[in-house]
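Shown next, in structure tokens, is the structure this report addresses.
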Amino acid sequence: MVSNSTIPMIKGTFPINKFQQIETPFYYYDMAVLRQTLDTIRQEAGKYDNFVVHYAVKANANPKILRVIREAGLGADCVSGGEVRASVEAGFPNNKIVYAGVGKTDKEINYSLDHDIFCFNVESIPELEVINELAEAKNKVAHVAFRINPDVGAHTHANITTGLAENKFGISMEDMETVIERANELKNVKFVGLHFHIGSQILEMNDFVALCNRVNELQERLMKRHIICEHINVGGGLGVDYHHPNHFPVPNLAEYFAVYHKHLRLYPGQTLHFELGRAVVAQCGSLISRVTYVKKGTNKQFAILDAGFPDLIRPALYQAYHRIENLTSDEAEETYDVVGPICESSDVFLKAVDLNKAHRGDLFALRSAGAYGEIMASGYNCRELPKGYTSEELV
Ligand SMILES: *Cc1c(COP(=O)(O)O)cnc(C)c1O
């Protein structure tokens, strides 16, 4: 990553006149950035003819965003029945929808069976048996992949690392052969793949190399028993540059796919599936909020926004950084704590940040908020949910 000091501060470009007519706070999606990202995915993954890219719907399920992603040809990776439904409604073909999650309910499984989704990513033997039973009742054969916990750490926030043995996710490596054998005994499930996902906001390519090495090892183990599956799914996790959304609007997808091409050994006929969430949508989105008050404290001053953690929870939940820009002031910079209106000390977006002098009514952009932003919004304090607008609607 490039250090802050070497990069000139520039602001993003926004249709500020249009913004003045919209009630704040709201999410704004720059569709040129989204389309550029999707083009890059198509180009870079397309260099390798057995790579298949899915979009992790949990990052952002705004129907306007889903439609553009579906049109770009990506599949949908879901972690709940609601996401399977959102994907079906957004027009993703059934054979491009996969469904993962440690706690799939009967209702969610039945809905997915009714829509003949491509694959269930199964996380335990009890779940496998329930899927078999429910599929049998419908006279269907469900395709299943096993999510294996590869015990590979990722250099990211503890709350978003998922591939360690201590996490609740997946089946342990020792049990891999047992679950595959169990699946082969059952008549209404068909074992088709192995699934992995080691965490999120990963910028260290060596973490992905470690996953590749582990997958190679496990595949060799299975080869000894003449087990070859149709596909390997390595999950998502590629991070974005939260500090420089204007300079690096598109993540380094060329390097990401090249790492997998170089390090992961596929057997003839196997496809390699990816499930990218954050990397697809983070940089196209901003939360736009208005300054309600500028308040002087004893030793500092606060810019109090009309957005709070119910609108964007990542700073409160993960101490996540979002770059903030004052879109409507060019005056000399002053230092602010940028906070929300909620009665909780964690309702702080950023402390001691230098911004163009703020006034009541100024519009602030909280950048890189397209992933895990709008979708995680809540109505806490009886607040209205923020709406989402695309640049194509606001021209
Ligand atoms: C969350 C998740 C993803 C997407 O993660 P990103 O970091 O947003 O790319 C992919 N696969 C699974 C199983 C997930 O839970």
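The values are calculated or read from the model by the stated rules, or taken from the named source; none is laboratory data. All of these numbers come straight from a predicted model, not from anything done at the bench. Please note: Cβ atoms are built from the backbone with ideal geometry, for glycine as well, and neighbour counts cover all protein chains shown. Side chains are part of the model used for accessible areas, which takes the heavy atoms of the whole protein and leaves out ligands, DNA and RNA. Shrake-Rupley method; radii C 1.70, N 1.55, O 1.52, S 1.80 Å.
Things worth noting here:
Matching residues to (1) part of a strand (DSSP E or B); (2) farther than 12 Å from L312 by Cβ:
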position	(1), (2)
T335	yes, yes
S345	no, yes
A352	yes, yes
G361	no, yes
S368	no, no
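- No other residue among I69, I65, I10 is of a type in the set (A, V, I, L, M), touching a residue at least 60 places away in the same chain (Cβ under 8 Å), at negative phi and in a loop (DSSP other than H, G, I, E, B) apart from I10.
- Filter result (in the same structural domain as A254 (by TED's automatic domain parsing), without any contact (Cβ under 8 Å) to a residue 60 or more places away in the chain and more than 19 Å from Q283 (Cβ to Cβ)) within the stretch 18-51: G46, D49
- Single residue of N121, N139 found to be open to solvent by 60 Å² or more (accessible area, probe 1.4 Å), modelled with pLDDT of 95 or more and not in a helix (DSSP H, G or I): N139
- At least 2 residues being within 13 Å of the ligand (Cβ to nearest atom) and in contact with a His (Cβ under 6 Å, 6 or more places away or on another chain) is the threshold, and among the strands (runs of 3 or more DSSP E) wholly inside the stretch 175-290 those reaching it are 271-276.
- Candidates R182, R221, R214, filtered to the one that is basic (K, R), closer than 28 Å to D116 by Cβ and modelled with pLDDT of 95 or more: R182
- Residue among G199, G193 that alone is touching a helix residue (DSSP H, G or I) at 6+ places or on another chain (Cβ under 8 Å) and either surrounded by 16 or more Cβ atoms within 10 Å (Cβ to Cβ) or not small (G, A, S) (or both): G199
- Residues considered: L66, L74. Of these, the only one that is in contact with a helix residue (DSSP H, G or I) (Cβ under 7 Å, 6 or more places away or on another chain), open to solvent by less than 30 Å² (accessible area, probe 1.4 Å) and assigned by TED's automatic domain parsing to the domain that holds Y111 is L66.
- Condition check for D49: more than 16 Å from the ligand (Cβ to nearest atom) and assigned to a helix (DSSP H, G or I): no
- Annotation for the stretch 358-366: at least one member residue is buried (at least 19 other Cβ atoms within 10 Å of the Cβ), more than 22 Å from Y29 (Cβ to Cβ) and in contact with a strand residue (DSSP E or B) (Cβ under 8 Å, 6 or more places away or on another chain).
- Condition met for I324 (assigned by TED's automatic domain parsing to the domain that holds L385 and within 23 Å of K11 (Cβ to Cβ)): yes
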